[in-house]
Amino acid sequence: MNIYLSQLVKLSKIDNELDEFEPKINEIKSDLNKLQFEENEFVLSIKSSRDMKLDEELNNRKNELHILELNEKLKDISRKTGNVKTQREAKALALEEEISREQIVFANEEIIRIDKIIEHKEFEIEEIDEKLIELRKEIDKTLIDVNEKLSYLEIERTKIEVSKNELVEKIPQKIFEFYQKIKKWAKNTTVVPVKKQACYGCFLKIDNNNYAELIKGDDIRNCPHCGRILYLEPVTE
Ligand SMILES: [Zn+2]
């Protein structure tokens, strides 16, 4: 085989190996990503429960203040009741007093109802907090495992990159650029074998003339149909 062609066959195999790293890395990280997503969901849900709890606490402060105001009003009414001159005035004050007392009852009921909501929110927060603690333990463990696997992959990748650089240095610039140009669109099928006189990139048959040239192996040849770089199997290196 043409020496440059055999270099390109080798180079494309190395490039394909390098391309396989990214899906491998994503696969390794996928469990961790899921756990971290879940962690984020828990954090958001705790935050939202805390906000709701704060709102309800504020509502109860308002209710308490309202009761204080109503009690002041009742005192005021009772003072005025001592000084009434007409029956009409007395009636009006009695009505006002009744309304204020009803409002106090209602505000107290509200406080009890809201206290229950606050209690429930506290319970929710505590529950999610416990889950979060367990989840973070799992994340820490997974992280150690992931980092170990990633650093192993990184070592492997560096080794392959070193061998790629060594190979690229040997390949004439023009041939390397020619390869890169096809690789842009052909990706991991830039250099493909010919089997049963067919291109293994586009799977079309190579005509007899081109096939004869390919067998001669003097030049680097492209598939006449798709333009990928062709080589004859089996490869002897
Ligand atoms: Zn082809």
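The values are calculated or read from the model by the stated rules, or taken from the named source; none is laboratory data. All values reported here derive from a predicted model rather than from experimental measurement. Neighbour counts are summed over all protein chains in view; Cβ atoms, including those assigned to glycine, are modelled from backbone coordinates with ideal geometry. Surface areas here come from the heavy atoms of the whole protein model, side chains and all, with no ligands, DNA or RNA. Shrake-Rupley method; radii C 1.70, N 1.55, O 1.52, S 1.80 Å.
Across the stretch 110-237, C-alpha contacts under 8 Å between residues 6 or more apart give a mean separation that, scaled by the residue count, equals a relative contact order of 16 percent. Relative to the longest principal axis of the Cα atoms of the chain, the long axis of helix 87-170 lies at roughly 20 degrees.
Among the lysines, which fall within straight-line cross-link reach of LYS85, defined as a Cα-Cα distance under 24 Å, with same-chain neighbours fewer than 8 residues apart omitted? LYS85 reaches LYS73, LYS75. Label separation (LYS85 vs LYS170): 11.9 nm, computed from points 7 Å beyond Cα along the C-beta direction.
Structure shown: which of LYS10/LYS216; LYS141/LYS184; LYS29/LYS181; LYS13/LYS205; LYS47/LYS116 lie over 29 Å apart, alpha-carbon to alpha-carbon? Check vs 29 Å cut-off fails for LYS141/LYS184; LYS29/LYS181. Applying the criteria of a DSSP loop state and at most 10 other Cβ atoms within 10 Å to the trypsin sites (Lys or Arg not before Pro) of the stretch 57-116 yields LYS85. Candidate cross-link partners of LYS80 among the aspartates and glutamates, defined by an alpha-carbon separation under 18 Å and a same-chain spacing of 8 or more, comprise GLU69, GLU72, GLU89, GLU96, GLU97, GLU98.
Here the chain has 53 percent of its accessible surface on carbon and sulfur atoms, given a 1.4 Å probe and all protein chains in place. Evaluated at q = 0.15 Å⁻¹, a Debye calculation over the C-alpha positions of the stretch 52-171 (equal weights, vacuum) places log10 I(q)/I(0) at -0.86.
Could you work out Rg/(2.2 N^0.38 Å) for the chain, with Rg from alpha carbons only?
2.28
For the stretch 121-228, applying the loop criterion from DSSP together with a ceiling of 13 other beta carbons within 10 Å to the trypsin sites (Lys or Arg not before Pro) yields LYS196. In this label model, MET1 and GLU233 are separated by 1.2 nm, measuring between points 7 Å along each Cα→Cβ vector.
Taking every C-alpha pair closer than 8 Å and separated by at least 6 residues, the mean separation divided by the residue count of the chain gives a relative contact order of 30 percent.
With both labels modelled 7 Å from their Cα along Cα-to-Cβ, the GLU17 to LYS116 distance reads 6.9 nm.
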